[in-house]
Structure formats: structure tokens, C-alpha cells
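Note sheet for the following structure.
The values are calculated or read from the model by the stated rules, or taken from the named source; none is laboratory data. This is a predicted model, so every value here is computed, not measured. Note that each Cβ is placed from the backbone with ideal geometry, even for glycine, and that neighbours are counted across all protein chains shown. Just the protein is used for accessible areas: all its heavy atoms, side chains included, with ligands, DNA and RNA removed. Shrake-Rupley method; radii C 1.70, N 1.55, O 1.52, S 1.80 Å.
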Amino acid sequence: MGKRVFTNCLAATMVGGDDGYGLIVDAAIAVSDGRIGWVGAHADLPEDYADWPHQGLDGALVTPALIDCHTHLVFGGDRSQEFALRLNGASYEEIARAGGGIRSTVGATRAASDGELLTAALPRVDDLLADGVAVIEVKSGYGLTVADEMRMLRVARQIEQHRPVRVRTTWLAAHAIPEEFEGEADRYIDEVAIPGLEQAADEGLVDAVDGFCEGIGFTPAQIRRVFEKAKALGLPVKLHAEQLSDLKGAVLAAEYGALSADHLEYLDPQDVPAMAASGTVAVMLPGAFYALRETKMPPFDALSEHGVPMAVATDCNPGSSPLPSLRLAMNMACTLFRMTPQEALTGTTLNAAKALGLGDEYGTIETGKRAELAVWNAPHPNYLSYWIGGQLLRGRISGDTFV
Ligand code: NIG
Ligand code: FE
């Protein structure tokens with residue numbers, strides 16, 4: 001990888017500045033060997049860079065490439081039927097308890113070959129790429145056997161061979177209780193979730209460990225056992241917490257120093273200090289809030305007051321959030337959760353990187369970080385959240401190449 005200086009751009013570095021965007025007008029960004037070597041006002045560019053190749057960006061807005069830190073985008077089948085059922089009054093939980101929901105996707109995922117799972121996932125990845133995304137997290141959780149959960153993570157990793165995107169994989173075997181373990185959640189944890197995690201970690205397939213702590217998922221005691229195994233293996237944890245009810249999942253996650261606690265609509269404001277103390281990122285998933293027509297908002301004010309970093313993600317999945325657009329998730333975070341556009345962009349860059357344990361490498365335009373940037377047809381970073389849908393991406397910078 002070579003060297004290049006990108007010039008004539010408005011850089012939203014996401015570092016400092018009164019507006020939180022760290023805006024630099026008429027910026028220059030010097031890149032070498034895939035990393036950012038220098039960023040600042042073009043007028044201040046040191047002499048040493050004078051003979052490097054320069055490329056002007058016509059005054060375009062440049063931000064760190066976006067990061068989708070919570071997806072379930074490898075899955076078989078679809079659940080458009082359930083969408084119709086919900087519109088006729090059935091609730092997400094009722095559908096799940098009647099054998100639909102996650103279990104129906106499990107059937108379709110088990111029946112699909114690896115090739116079919118990959119072929120189905122790539123268009124979802126393409127949609128995210130078109131939104132300037134360079135890093136995605138992908139969870140297992142629709143296989144629910146050791147072999148099928150591992151298969152999901154292998155397919156997720158294969159995405160990197162087919163698309164210019166970095167993939168982080170999360171073990172989510174504690175997502176639902178499969179039919180063959182009906183009424184035996186503990187036995188499922190003992191026979192699938194825990195030993196499977198050990199095997200998947202052995203194969204190097206796991207970057208983090210997640211669970212669904214919920215009435216229709218797993219109890220805190222069951223999640224704790226999975227987390228103990230994660231801890232023994234030296235793997236970071238995260239948790240689907242307080243999405244439909246308050247089981248104190250976020251407090252449990254904080255106890256294990258979780259990277260993130262996600263959803264959080266039913267989080268008790270009193271539990272926020274525990275998250276703040278552990279540095280756990282609150283991941284807002286407005287797509288699920290919107291699709292399930294939820295009305296209870298995450299305790300946004302308490303999270304802000306205690307300085308809990310907030311991320312925004314798509315939760316792209318076939319049931320509760322069929323949403324492969326991170327920019328639309330940002331718009332929803334503003335409109336539905338009253339986040340500011342600046343908080344939404346921080347939530348898909350800096351804080352999303354933190355939620356994946358990648359804070360040292362991604363999420364800001366700073367010396368030493370990876371040169372993964374998004375170049376936009378937009379006059380100001382507010383525009384990325386304000387404009388609903390559409391194609392705003394002009395191109396991506398990856399290392400010294402602008403494509
Ligand atoms: O994040 N809440 C659990 N998991 C997913 C939904 C998965 C599904 O419905 O297929 C979520 O919303
Ligand atoms: Fe999810």
C-alpha cells in the first residue's frame with residue numbers, strides 16, 4: 001500500500017471541536033500503508049508531504065467510514081409473513097411463543113447450505129457498503145446446534161473474501177431455545193451454548209460473546225454461565241438487554257465489563273451508573289423499536305447524564321429489524337430517540353468502534369488509525385442523519401485508494 005495526501009475536503013474527524021464533529025475546513029489527510037499519517041488544515045500540511053501524490057476531493061465531506069456494530073445478517077429465509085401477522089395485531093412475543101419468530105429463521109438457516117447463506121447475506125452487505133460502512137459485526141444465533149452456529153460464523157467470516165469490509169463475529173447461541181430443547185433451557189446452555197463456544201473459540205471464529213436476556217430468551221442466571229465461559233476463554237461479552245422487559249441484563253453485562261449492552265428500551269435509569277462505571281457502550285437499535293412499534297424509549301437522558309457512550313446500529317435481522325441501512329438507523333435514532341445528528345454519527349463511528357473493541361483502529365480520523373473513510377455528497381455531517389435514505393455516498397477511501 002502506498003502513500004497519498006487527500007486534499008480539498010471538509011473533514012469530520014470526530015475528535016474534539018465545539019460541535020463534536022471535529023470539523024476541519026479545507027482539510028488534508030495524509031495516508032501511508034493503510035494508516036492515517038497526518039490530518040489537519042491543508043495550509044498546515046508539513047513540507048515532508050509535499051512530494052507525495054495528492055488527490056483533491058472537490059470539497060466533499062469526509063468522515064470515518066461507518067461501523068455497523070450489531071447485525072444478524074447471515075440467515076436463511078425471511079419473515080415477511082410475520083410482518084403481516086403483526087400488522088393484524090399479533091405481538092412479537094406471541095409469534096415467538098407460537099413457534100414463529102427466531103425459531104422459524106432457525107429452520108430456514110439449518111436447511112440452507114453455506115453457499116446459500118453467503119449468497120443471501122452479500123446483498124445485505126452491499127446495502128450497508130452503499131451507506132459508507134467498512135466494518136460490520138455479525139452474530140450467530142439462528143443455527144442453535146454447535147455445528148450450525150459455527151457454520152454461521154464461518155460464513156460471516158467468508159464475507160471478507162467477497163467484499164471490502166472488515167467482519168467481527170459474535171457467538172450468540174443463547175439467542176433462543178430450539179424446539180428439540182423445549183422447556184430445557186439449562187440443558188441447551190450446557191450442551192450447546194457453552195461447549196459450542198469452546199469449540200468455536202478454538203477454531204478462532206469468535207470475537208465476542210452475546211446472549212438474549214429476556215422472557216422469550218434466557219434468564220440472567222443462564223447468561224451468567226455463558227459469560228463465565230467467555231471470561232475463561234478471554235473473550236469480551238455483550239448482551240441483548242432490556243429489549244422487551246427489565247431483567248437487569250445491563251447490570252449483569254456491566255459486571256462482566258461488557259463491550260456493549262444493546263436495545264435497552266426497558267432499562268431502569270437507576271441501572272445506568274453501573275454501565276457508566278464499566279465503560280459499557282449503550283447500543284441503540286431504532287430499527288427494532290420502529291418495526292415492533294415499541295413505544296417505550298431507552299432512558300436516553302440518564303445515559304447522557306452519566307456519560308455512557310452511545311452507539312447506533314441496524315440490528316439487521318429478518319424479524320425485528322429488516323433494515324440494511326445504517327444511515328436510516330441514524331435518521332431513526334434522531335427522529336424516534338431524539339438523538340442529535342452529531343450523536344448519531346458518533347454512534348456509528350467512534351462509539352460503534354468501541355462497542356466492537358476496535359476503538360484503537362477505527363472510528364475517528366486521527367493519526368495512527370486505519371485509513372478507512374467515507375466521502376459524501378453532503379454539505380455538512382448533520383445531513384447524513386437528516387436526509388432520509390437516498391444515495392449520499394460519493395465513494396470510499398481505503399488506504400491510499402479512493403473508489
Ligand atoms: O436483536 N432480540 C433478539 N434478537 C434479534 C431479533 C432476532 C429475530 O427476531 O430474528 C434482535 O432484535
Ligand atoms: Fe439483535
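How much of the DSSP bridge set in the stretch 235-393 is antiparallel, in percent, rounded to the nearest 5?
Just about 10 percent of them are antiparallel.
Taking the Cβ of G249 as the centre, find all other residues whose Cβ is under 10 Å away and add up their charges (Lys, Arg: +1; Asp, Glu: -1).
-4
Which value in deg cm²/dmol, rounded to the nearest 500, describes the helix-derived mean residue ellipticity at 222 nm for the chain, given -39,500 (n - 2.57) per DSSP H run of n ≥ 4 and division by the residue count?
Dividing the helical sum by the residues of the chain leaves -9500 deg cm²/dmol.
Report the Cα-based extents of the stretch 29-161 along its three principal axes, largest first, to the nearest Å.
68, 35, 19
So for the stretch 13-70, what percent of the C-alpha to C-alpha distances run longer than 19 Å?
36
What number comes out for the charge environment of L392, summing +1 per Lys or Arg and -1 per Asp or Glu over other residues with Cβ under 11 Å away?
That works out to +1.
Among bridges DSSP assigns within the chain, what percent are antiparallel (round to 5)?
About 45 percent, rounded to the nearest 5.
Give me the base-10 log of I(q)/I(0) for the chain at each q in 0.11 Å⁻¹, Debye formula, one uniform scatterer per Cα, rounded to two decimals.
-0.76
Please report the net charge: other residues with Cβ closer than 11 Å to the Cβ of R370, K and R +1, D and E -1.
Local charge sum for R370: -2.
Over the stretch 181-335, average the accessible area per residue using a 1.4 Å probe and give it in Å², no decimals.
In whole numbers, the stretch 181-335 has 34 Å² accessible per residue.
Of the heavy-atom accessible surface of the chain (probe 1.4 angstrom), what whole percent is carbon and sulfur?
So the carbon and sulfur contribution to the accessible surface is 51 percent.
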